[in-house]
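What follows is a single structure, written as structure tokens, with notes after it.
What follows is calculated from the coordinates using simple rules that are stated; it is not laboratory data. Worth saying up front: this structure is predicted, and the values here are computed from it rather than measured. Note: ideal-geometry Cβ built from the backbone for every residue, glycine included; neighbour counts use all protein chains shown.
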Amino acid sequence: MNHFDDDAVVVLADGAEYSCRATLQSSTEQVTGRTFTDTARLSGLTSWGGTIDLGDDGAAWAVQEADAPQLRIGDHASGFIVTGGNIGTGVLRIKGSGARPSSR
């Protein structure tokens, strides 16, 4: 499991940019695969998720309603879906697949 917690994050949503704080975790599923003579542990799907704190309800509403929001960390962006949260506080729970965006 990989953990990220930083303020230097931007959400891209329907042409607008929103600064936020992101607290994210990523993990790669481990599966057992069978070979001709043995079994082996293999890496499966990678997913990431956590919370973004947009600081206000207007930004949270816009991100929740966006068609294809993306989280940008540094020069890298990845799409995500909103899975819950509290629009009134500006905090949303999100989930993405594949590699988590990273500044490296």
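Key figures
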| read-out | value |
| --- | --- |
| Under 12 Å from the Ser102 label point (7 Å along Cα→beta-carbon), backbone N, the range 20-46 | 26-28 |
| GNM result for the chain, Cα springs below 10 Å: residue of Gly50, Gly88, Gly33 fluctuating most strongly | Gly33 |
| Sequence-distant residues sharing a close amide H with Phe80 (under 5 Å, placed H) | Leu71 |
| Chymotrypsin sites (Phe, Trp or Tyr not before Pro) restricted to the range 6-104 and DSSP loop, no more than 13 other C-beta within 10 Å | Phe36 |
| Cα-based radius of gyration of the chain once divided by 2.2 N^0.38 Å, which approximates compact folds | 1.25 |
| Per-pair calculated FRET efficiency, R0 = 25 Å: Arg21 and Ala68 via Cβ, rounded to 0.05 | 0.70 |
| Selection from His3, Val31, Gly88, by position along the positive dipole direction of the chain (Cβ) | Val31 |
